[in-house]
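Below: one structure, written as structure tokens.
The values are calculated or read from the model by the stated rules, or taken from the named source; none is laboratory data. Small disclaimer: the values here were computed from a predicted structure and weren't measured. Because the Cβ atoms are built from the backbone with ideal geometry, glycine has one as well, and the counts that use them run over all protein chains shown. Areas reflect the complete protein model, heavy atoms only, side chains present, ligands, DNA and RNA absent. Shrake-Rupley method; radii C 1.70, N 1.55, O 1.52, S 1.80 Å.
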Amino acid sequence: MLLLASPAAAGHFAAPGDLRLRHDLELLGDAGLITVPLTSWPLGWHDISAALAAVDPLPLGAAELAAYGRLKRAARTALSHGELRPAATASLAAEPRRVRAFEDAPRDEAQASAGLSWASGRFALRLRATLVVDAGDGDELRADGSYLALHAGNWVLTTGWQERWWGPGRDGSLILSNNARPLPAIALQRRRSHGFESRWLRWIGPWTLTAFVGRLDDTRSVDDANLFGLRAAFKPLPGLEIGLSRAAQWCGDGRPCDAAAFADMLLGNDNRGVNVSADDEPGNQLGGIDLRWAPRGAPAAVYAQWIGEDTRRGGPEIGSWLRLAGIEYRGASGATAYRMHLEVAETSCRDGGLGFSGLVADCAYEHSLYRSGYRYRGRPLGHGIDGDGLSFSFGATLVQSAGHAWSVLLRRMDVNRAGQPDVRHSLSPLPQDRLDAQVSHQRSFAAGTVRAGIGYRRIDGGPAAAGDSDVTGFIQWSTQ
């Protein structure tokens, strides 16, 4: 397929982390102007550009027209051919966030990166080299954000270090978020999300599919384990998007890595003593469903995510669930648009059909074989509060007519609140309460884009039993 495919316009990806970009896409999506699924980041710029080309800008309101213009300019830049575009980023942070939301805030106190991008024919290349001062994970030179992409027909094959965010959550994802750094991976992603032409499958609507295999190359209890991910998202009705996700840790030193182990992992044959022997157990799996519904004509949306950590009695049905739910309200005044949300997430496993029964402690993001857990370089791959947590958050984003963006985020988090003391927990081995508040601003200039934020954090319990309060903040500059 890769050799015979006709040349396709190469396009870069829209990585998670840009609140203004997400706001603009959801503004047009909720209005029914574009039908691209928007819960599987990174998004393809070619898909976004094709959707924008079908929009008639004449009847748009002021806020919709402003978002449309910003997206058109961004897509034009991302899809430009034959140009070698340099890029640079620098950031400083005081008390960097340990629990990240969708916003791309610095993970370390000081870092700088440089790189270039190039696209031509069916290839796209993005190179980034980042130098970090006093890196929290000890990795001071990084290639995060680098990738090589090959377009073949309606598919894109990539290899590199790409940020991912799966699900409709704004302050976390239970299965895959940008809380941890990106790991090196090979991925296959659908290039355009148009629906099936068959009358039997037309009901699915626009759909995307992403699959990847990455290497967990940090220091672990099982070194060189792999991470497999698979996600499909589709829009069967206007305003309704449904996502199905799977993730699995498998292979690694001392564990089976052959085709049979991979097949057992795909089929869910990983319950020792039930459908597989202890020696052949393929790995640690998570999977589930999410949805987001924005009723046409209503200035609101609701969303939810259920991710299962275990199955019942070795059967295919999921028995232990993590849960996330939220509600959004949006509006506009002239060309200025805003969006507010309330979100709650629980990362303690709960039994029952959809997780409405008893609590199961020391379950989420843990595994008896892969004892480093569902984490990478000291941070959870899923929700930033790690396992056995409960998070309540309120957030708001306002985008002005000129494209300047403001955001507010307030979070109350109960960390590691159940089970035995756990030294593997990424935030605290003991129960801990966290309060986090932050205001951030994004503004673009001819010389680049500046993001800055200031906030307050209070921690009670765990190693900070007497209470620990800090003023937090960051400033980040990047070229456009």
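General observations
- Ser391 falls short on exactly one of the conditions (1) open to solvent by 30 Å² or more (accessible area, probe 1.4 Å); (2) touching a residue at least 12 places away in the same chain (Cβ under 8 Å), and that condition is (1).
- Looking across the range 100-115 at every residue that is modelled with pLDDT of 95 or more and hydrophobic (A, V, I, L, M, F, W, C), the one that is nearest to Asp56 (Cα to Cα) is identified as Phe102.
- Those strands (runs of 3 or more DSSP E) of the range 200-263 in which at least 2 residues are open to solvent by 10 Å² or more (accessible area, probe 1.4 Å) and more than 20 Å from Thr159 (Cα to Cα), considering only elements entirely within it, cover 225-237, 240-250.
- Looking across the range 366-382, just one residue is aromatic (Phe, Trp, Tyr), assigned to a loop (DSSP other than H, G, I, E, B) and modelled with pLDDT of 95 or more, and that is Tyr374.
- Filter pass, Leu183 being modelled with pLDDT of 95 or more, aliphatic (A, V, I, L, M) and not in a strand (DSSP E or B): yes
- Subset of the range 272-290 that is surrounded by fewer than 18 Cβ atoms within 10 Å (Cβ to Cβ) and among the hydrophobic types (A, V, I, L, M, F, W, C) - its residue that is modelled with the lowest pLDDT: Val274
- The range 150-205, residues that are in contact with a Gly (Cβ under 9 Å, 6 or more places away or on another chain) and of a type in the set (Gly, Ala, Ser): Gly160, Gly167, Gly169, Gly172, Ser173, Ser177, Ala180, Ala185, Ala187, Ser193, Gly195, Gly205
- Criterion applied to Gly145, Gly172 was being open to solvent by less than 20 Å² (accessible area, probe 1.4 Å), part of a loop (DSSP other than H, G, I, E, B) and under 16 Å from Thr479 (Cα atoms), and the one residue passing it is Gly145.
- Where a residue in the range 151-171 is free of Cβ contacts under 8 Å to residues at least 60 places away in the same chain and closer than 18 Å to Trp207 by Cβ and its partner, wherever it lies, is open to solvent by less than 40 Å² (accessible area, probe 1.4 Å) and among the small types (Gly, Ala, Ser), with Cβ under 7 Å and at least six apart: none
- A residue that is open to solvent by 60 Å² or more (accessible area, probe 1.4 Å), touching a residue at least 24 places away in the same chain (Cβ under 8 Å), in a loop (DSSP other than H, G, I, E, B) and at negative phi can be found somewhere in the range 88-109.
- Single condition Tyr370 does not satisfy, out of (1) surrounded by 16 or more Cβ atoms within 10 Å (Cβ to Cβ); (2) in contact with a Pro (Cβ under 9 Å, 6 or more places away or on another chain); (3) over 16 Å from Ile175 (Cα atoms): (2)
- Identity of the residue in the range 426-480, acidic (Asp, Glu) and either open to solvent by 30 Å² or more (accessible area, probe 1.4 Å) or closer than 23 Å to Thr130 by Cβ (or both), that ends up modelled with the lowest pLDDT: Asp468
- Under the condition of being in a loop (DSSP other than H, G, I, E, B), surrounded by 22 or more Cβ atoms within 10 Å (Cβ to Cβ) and modelled with pLDDT of 90 or more, the residues counted in the range 333-365 number 2.
- Cβ pairs under 7 Å, 6+ apart, first in the range 231-254 and modelled with pLDDT of 95 or more, second outside any strand (DSSP E or B) and surrounded by fewer than 18 Cβ atoms within 10 Å (Cβ to Cβ): Phe234/Ile204; Pro236/Trp203; Pro236/Ile204; Gly239/Pro295; Gly239/Arg296
- Filter result (under 23 Å from Ile327 (Cα atoms) and open to solvent by less than 10 Å² (accessible area, probe 1.4 Å)) within the range 394-414: Gly395, Val399, Ala405, Arg411, Met413
- Condition check for Arg126: touching a His at 6+ places or on another chain (Cβ under 8 Å), open to solvent by 20 Å² or more (accessible area, probe 1.4 Å) and not in a loop (DSSP other than H, G, I, E, B): yes
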